[in-house]
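A quick write-up on the structure given underneath.
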Amino acid sequence: MVNVSQECRNESAIKHLRRADPIMKAMIAEVGPCTLRPQRDRFRMLTGSIISQQISTGAARAIKKKLDELVGPKGLTPANLSRYSPDELRAAGVSPQKAKYLLDLAAKVHETEVNLQHMGRYSDDKIIEQLTTVKGIGKWTAQMFLIFSLGRPDVFPHDDLGVRSAIRNRYGLDELPDVATSTAIASKWRPYASIASWYCWQSLDIGKVRVVNAKD
């Protein structure tokens, strides 16, 4: 069932973005309704983020499937994942380094050093501070968690290549924007920078479709 409050929040965000930024208004018209919905399984979202680092989407999907097969019916939980050794995780296609990251995450969550259950009560800054104590989780991954797992509406991941590429393409820049430039543009999006960032990502997919069609 669709979360009504999330749906209403997205509608409010779109109204604001259309009014505040004509370029974003055009992106919204091209992309269509915002389908961003929080991923409720917070631990799975973080494990997926670690697995996906610096590999293709297809490779990450295959590893996640193998990991699910490895952990079995008990599921991907901190306690269950902690039972496996780095070598066993490697058998599922996880690299040695990422195996250490996953086990560090599982241990910290299991021991509530990283309190995923109560994390929704914390400020964005406190969540980033706590998550980045985990090996393999930096600020960008923590920001993705804020957007895609907690549904925080006003997160602007200014270091994200996709967002920066969309800003360059749509706002007529010659190069990828630096922090000051992208932050200035995003100031119009507040307090819905997360929704605007989602539209930036989606606009890149539209651009790819255009290129493919032009070749046909």
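The values are calculated or read from the model by the stated rules, or taken from the named source; none is laboratory data. Just so it is clear, the structure is predicted and the values come from calculations on it, not from any experiment. Virtual Cβ from ideal backbone geometry, glycine too; neighbours counted across all protein chains shown.
Based on this model, can you work out whether G162 counts as surrounded by fewer than 19 Cβ atoms within 10 Å (Cβ to Cβ), part of a helix (DSSP H, G or I) and either in contact (Cβ under 8 Å) with a residue 60 or more places away in the chain or not assigned by TED's automatic domain parsing to the domain that holds S82 (or both)?
yes
Give me the pairs, please: first residue somewhere in region 7-34 and outside any helix (DSSP H, G or I), second residue anywhere and β-branched (V, I, T), beta-carbon distance under 7 Å, and either six or more positions apart or on two chains.
C34/I14; C34/I195
Out of (1) of a type in the set (D, E); (2) at pLDDT below 95; (3) part of a helix (DSSP H, G or I), the odd one out for E129 is which?
Just one mismatch for E129, condition (2).
Of the residues L46, L76, L67, which single one is outside any helix (DSSP H, G or I), in contact with a helix residue (DSSP H, G or I) (Cβ under 8 Å, 6 or more places away or on another chain), modelled with pLDDT of 95 or more and surrounded by 14 or more Cβ atoms within 10 Å (Cβ to Cβ)?
L76
Restricting the search to region 107-148, which residues are under 16 Å from the mean Cα position of the chain (by Cα), more than 15 Å from R44 (Cα to Cα) and among the polar types (S, T, N, Q)?
Listed by number, the residues that qualify are T132, Q143.
What residue, of K15, K74, K25, is over 19 Å from the mean Cα position of the chain (by Cα), among the basic types (K, R) and closer than 30 Å to K135 by Cβ? If you could, list the steps in order and put the result at the bottom.
Working: K15 fails: closer than 30 Å to K135 by Cβ; K25 fails: closer than 30 Å to K135 by Cβ.
Within the list K15, K74, K25, the selection yields K74.
Just the residues that are among the small types (G, A, S), buried (at least 19 other Cβ atoms within 10 Å of the Cβ) and not in a loop (DSSP other than H, G, I, E, B), please, taken from region 79-122.
A99, A106
Give the residues of region 1-29 that are acidic (D, E) and either touching a Lys or Arg at 6+ places or on another chain (Cβ under 6 Å) or at pLDDT 95 or above (or both), sorted by residue number.
Correct list: D21 only.
Restricting to region 177-192, name every residue that is in contact with a Lys or Arg (Cβ under 8 Å, 6 or more places away or on another chain) and among the aliphatic types (A, V, I, L, M). It would help to see each step written out before you state the result.
Residues of region 177-192 in contact with a Lys or Arg (Cβ under 8 Å, 6 or more places away or on another chain): 177, 182.
Within region 177-192, none qualify.
I'm told D178 meets every condition in (1) assigned by TED's automatic domain parsing to the domain that holds M24; (2) at pLDDT 95 or above; (3) in contact with a helix residue (DSSP H, G or I) (Cβ under 7 Å, 6 or more places away or on another chain) except one. Can you identify the failing condition by its number?
If we test D178 against (1) assigned by TED's automatic domain parsing to the domain that holds M24; (2) at pLDDT 95 or above; (3) in contact with a helix residue (DSSP H, G or I) (Cβ under 7 Å, 6 or more places away or on another chain), just (3) comes out false.
Residue by residue through region 15-43, note down the ones that are surrounded by 13 or more Cβ atoms within 10 Å (Cβ to Cβ), within 20 Å of M144 (Cα to Cα) and of a type outside the set (D, E).
The answer is C34, L36, R37, P38, Q39, R42, F43.
Starting from residues that are in contact (Cβ under 8 Å) with a residue 24 or more places away in the chain and not hydrophobic (A, V, I, L, M, F, W, C), keep the ones in region 49-62 and report whichever is surrounded by the fewest Cβ atoms within 10 Å (Cβ to Cβ).
Among those that are in contact (Cβ under 8 Å) with a residue 24 or more places away in the chain and not hydrophobic (A, V, I, L, M, F, W, C), it is Q53.
For region 141-149, indicate whether the set of residues that are touching a residue at least 60 places away in the same chain (Cβ under 8 Å) and over 20 Å from T35 (Cβ atoms) is non-empty.
Yes, some residue in region 141-149 is touching a residue at least 60 places away in the same chain (Cβ under 8 Å) and over 20 Å from T35 (Cβ atoms).
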